[in-house]
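Everything below concerns the one structure shown next.
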Amino acid sequence: DGDPAVRAKVTELLGQVGDTASESLLLTMLADRDRWIRAAAAFSLGRIGSDRAVDAVAKYTKRAKLEADNLIAAINGLGRGRSPRAADALGRIALDVNHDRRVRRYAVLALAGLANRAGQDTLKKLTAFGTPQYMQLALRH
């Protein structure tokens, strides 16, 4: 417990450490009662990018009543990682018309950033969307 701002900062720092013990703590924090702790944990886990972390964040992004800011934190974390596995979750979000445009745009931008780090397979997924709005975003990044 304690001050949520301090706990959120600790959550971010754990993500920078990125070892197995940190990852286990972050997985627990993904279920925290405070939405900002959950957002920081989702970002940090996405950035760590292990299979276990990416799978947990992908599952987290499927929650029915997930706040847009928390979803964007998860998207940004996945986009900053190096796991091609994150492309599936990001692509699902980018193509889901039930998400608002801002969220979908973040997902496309994260995919573009991931393609820079994770390689050609991710770039193929990004360009496979084939819609003009996504192609423009992909070409700019």
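Where a number appears in this text, it was derived from the coordinates with a stated rule and is not lab data. Keep in mind the model is a prediction, meaning the values are calculated, not measured.
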Quick P(r) readout (the stretch 24-82; Cα-Cα; 5 Å bins; whole %) gives 4, 24, 38, 25, 8, 1
Computed over the Cα atoms of the stretch 13-126, the Rg and Dmax in Å are 12.8, 38
